1. Which lysines, on any chain, are close to B:Lys206 with Cα under 21 Å apart, when same-chain ones fewer than 8 places away are left out?
2. Mind sorting B:Arg123, A:Arg189 by how few other Cβ atoms lie within 10 Å of their own Cβ, fewest first?
3. For the range B:52-159, go through all pairs of different Cα atoms, get the mean of 1/r, take its inverse, and jot down that Kirkwood value in Å.
4. For the range B:245-342, what ratio Rg/Rh do Cα atoms give with a Kirkwood hydrodynamic radius?
5. Pick out, in residue order, every one of the GluC sites (Glu not before Pro) in the range A:154-226 that is DSSP loop and has at most 16 other C-beta atoms within 10 Å; say none if there are none.
6. By counting other Cβ atoms within 10 Å of each Cβ, how are B:Val114, B:Val328, B:Val8 ranked from fewest to most?
7. Just rank B:His42, A:His184, fewest to most, by other beta-carbon atoms within 10 angstrom.
8. Output wanted: per-residue J couplings in Hz (rounded whole) for the range B:235-242, from phi through Karplus 6.51 cos²θ - 1.76 cosθ + 1.60, θ = phi - 60°, x for Gly and Pro.
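Every number here is computed from the coordinates shown, using simple stated rules; none is lab data. Quick caveat, the model's predicted, so the values are computed rather than measured. Ideal geometry is used to build each Cβ from the backbone, glycine not excepted, and the neighbour counts take in all protein chains shown.
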Amino acid sequence: MNTRNSLSLMQAISTFSLILALGLAYVINPVEDSLFFRAIDGIVSGLYGQDVLSELNNSALAGILVGLFSGTMFVFLTINKKVYNYTLISFFTIIILIFVASFRSYDAFPYHITQQLFIWFWLGLPIVVGIVGIWQDSIGNLIMAAFLVLVMPLGLSGNTNDEIYYILGFVFSFMLFIELSYGHTRYSRLARVMYYSKEYEMVLQWFLVTLVVTLALTIGLTSIAFLFHDFLSVLLPDNFSNSIEFNTIYGQALSVLVFFMIWAVAQTLFSRGYLARQVED
Amino acid sequence: MWTRKAVVYVGLGTILVLFAPFINNLQLFLLGATILGFVAVHSLVNTRPIDVKITRSFDSDQVFENSDVSIDLIVQNKGRSVGFLEIYDNLPSEIEVNNGSNHTIIRLHKDELVINKYNVNCRLRGQYRLGNPRLRIYNPSFLFFYESDIQSKSSLVVLPQIEQIEGVDLSTDFPKMYQGALPLRRIGTTGEFYGIREYFPGDDFKNINWRVFGKTRKLMVNQFEREDISDLMLVLDAREISGTGTVLRNPLNYSCRAAASLTSFFLRSRNRVGLTIYGETVNVIPPDTGDRHLYRILTALAEVKAAGSLGLHTVLGDLRNFTPRSPVMVISTLENDATCTTALREITARGFKLTVIAPDTLNYDRDSRIISPTVYFTASASLDNKITEARSLGARAMRWNPDTVLSTSLAEVIR
């Protein structure tokens with residue numbers, strides 16, 4: 001496999017991971033609970049006098065498809081600056097016409113369809129932004145997409161251990177999306193500089209292999225971090241380990257943080273030992 | 001060292017772990033813990049110190065300007081395997097990479113040896129120090145990096161470009177009559193027959209080749225080989241003002257090329273050539289002959305830097321010991337030198353056969369907008385005045401446009 005193929009593969013897997021992450025995020029947090037969509041619902045209800053979300057039903061999939069379509073369209077359109085400009089102008093003109101028509105109570109436009117498309121577009125917005133970030137190497141877009149994936153489905157109802165598999169799937173695909181898309185941005189930039197190098201492909205392969213291995217190790221380490229909570233409960237006095245605070249998610253959070261703090265301290269000491277050895281040489 | 005990405009990851013992970021319990025969100029809590037775990041795992045990947053030996057080899061460590069040099073950067077891994085090793089070979093700005101790159105990213109297995117080849121073009125004379133190569137190790141996800149410089153310095157001498165000068169008689173009217181002087185394959189007034197040329201008014205009638213005239217009805221004169229060797233002193237202006245212009249195109253660089261070309265030309269003709277450089281100090285290389293002497297002068301020219309503001313009069317003391325009535329060639333723009341008129345008069349008064357070569361980069365400086373048109377006209381008029389003054393003293397003086405061939409310009413003055 002040559003460098004270009006490896007980089008394209010990274011982009012493809014990253015796009016797929018983004019779609020999967022958003023899909024799982026909507027599965028874990030239903031759209032009806034999302035604070036973001038409640039706000040949109042409020043605005044749209046105010047404008048049209050109609051409850052939108054109740055009509056959405058299971059529109060998350062449609063939203064993802066619309067996002068995928070819009071993002072891909074955007075990437076293709078930006079290849080030609082002129083076509084892109086004309087399309088953008090046409091797009092905004094149509095949107096403005098829809099609103100003007102709505103305010104003037106002109107029913108020529110299919111009111112429900114545009115409203116539905118509007119909501120779907122919002123649902124798929126992280127994918128639109130993410131696809132542009134992945135395929136055009138824009139770190140700003142990647143950060144925005146990651147932020148939207150985390151924030152848009154967020155509700156106040158919380159989740160339970162019943163959804164653990166979906167959550168694990170989300171975490172894995174989210175990490176894969178972030179790492180592969182950011183990795184692609186950096187490695188493709190270096191590949192342009194190293195166009196003459198025959199060894200560069202090996203570096204890229206090393207990255208891909210290491211990413212898979214380290215993600216697996218990360219899951220292992222995170223599990224150990226959670227087990228550390230149980231270890232602490234054995235270690236700490238009963239009045240502490242049996243307290244309500246310790247046995248809820250708050251206690252788990254603190255245990256995880258303590259675990260990683262110990263890790264950081266141990267590693268710092270280890271690094272210092274290394275430095276000292278170097279000085280002695 | 002931590003990268004910004006690592007800092008953002010740790011910050012985000014901690015915030016998620018601390019914030020998630022408030023909304024009872026296991027998804028964000030797990031994500032935060034995983035991000036922290038990811039950073040923790042990656043702190044162990046490709047972050048330990050490495051043991052790499054780097055050596056550099058050239059196909060030639062002494063080259064002339066505008067020559068290509070092939071550089072091999074040999075990277076030998078003596079320690080652990082390295083996944084991502086970025087190597088940047090430090091080059092002086094005057095040296096340009098024209099094939100391959102001095103920047104490479106490789107994966108090094110244990111005890112592996114990798115050679116990075118690249119070519120550089122040495123556009124400017126000088127004595128350069130190459131190195132030290134800079135190493136940077138990144139971990140695969142760009143969370144941590146480690147940088148260090150490897151001690152591997154090499155020197156590269158770029159000598160001034162030598163232009164072939166032919167058919168220009170710049171030597172003295174009073175040659176040194178060494179015993180056993182060798183005939184030179186150059187035009188002169190005595191010795192063996194060299195060739196014939198067209199008659200010009202002023203040529204001696206006795207040299208007219210009447211046989212050729214009889215055949216062709218054209219007046220042609222015989223030319224003979226010259227039998228002399230002489231001492232010659234080149235005086236080079238290396239004042240700060242001579243460095244005015246761009247890095248590549250300034251009077252000093254052109255002066256050095258002219259000096260190198262003249263030195264090579266005269267030494268080939270078995271003359272003895274000396275070099276006096278004035279600027280910050282006065283450096284004198286006494287007249288001598290041979291290839292080693294050529295190399296000595298070329299090396300001195302390679303090292304010359306524009307500095308100081310000593311006037312031309314400072315070289316008069318050293319010229320006092322120079323062979324009387326020998327040629328002295330001053331290569332200078334004579335700009336901003338209040339002592340130059342007096343000094344030129346002194347040189348001609350001592351009977352030295354003076355030639356002044358003034359490298360003229362004013363046109364280029366004006367076209368490149370380094371100087372304004374007003375400055376150009378002032379400087380140009382000033383240079384013309386200096387040239388006229390030198391000619392009035394009996395010197396052969398010329399304003400040399402470096403874009404033209406030196407020997408052609410010289411031939412115009414000597415004619």
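1. Cross-link targets: B:Lys215, B:Lys218.
2. Working: B:Arg123 17, A:Arg189 11.
Neighbour counts put them in this order, fewest first: A:Arg189, B:Arg123.
3. Numbers: mean 1/r = 0.0693 Å⁻¹.
Evaluated on the range B:52-159, it is 14.4 Å.
4. Details: Rg = 13.5 Å, Rh = 14.3 Å.
Computed over Cα atoms, the ratio is 0.95.
5. A:Glu199
6. Details: B:Val114 18, B:Val328 26, B:Val8 13.
In increasing order of surrounding Cβ atoms, one gets B:Val8, B:Val114, B:Val328.
7. On the way: B:His42 23, A:His184 26.
Fewest-to-most ranking of B:His42, A:His184: B:His42, A:His184.
8. Whole-Hz 3J(HN,Hα) from phi for the range B:235-242: 10, 10, 8, 10, 5, 4, 5, 6.
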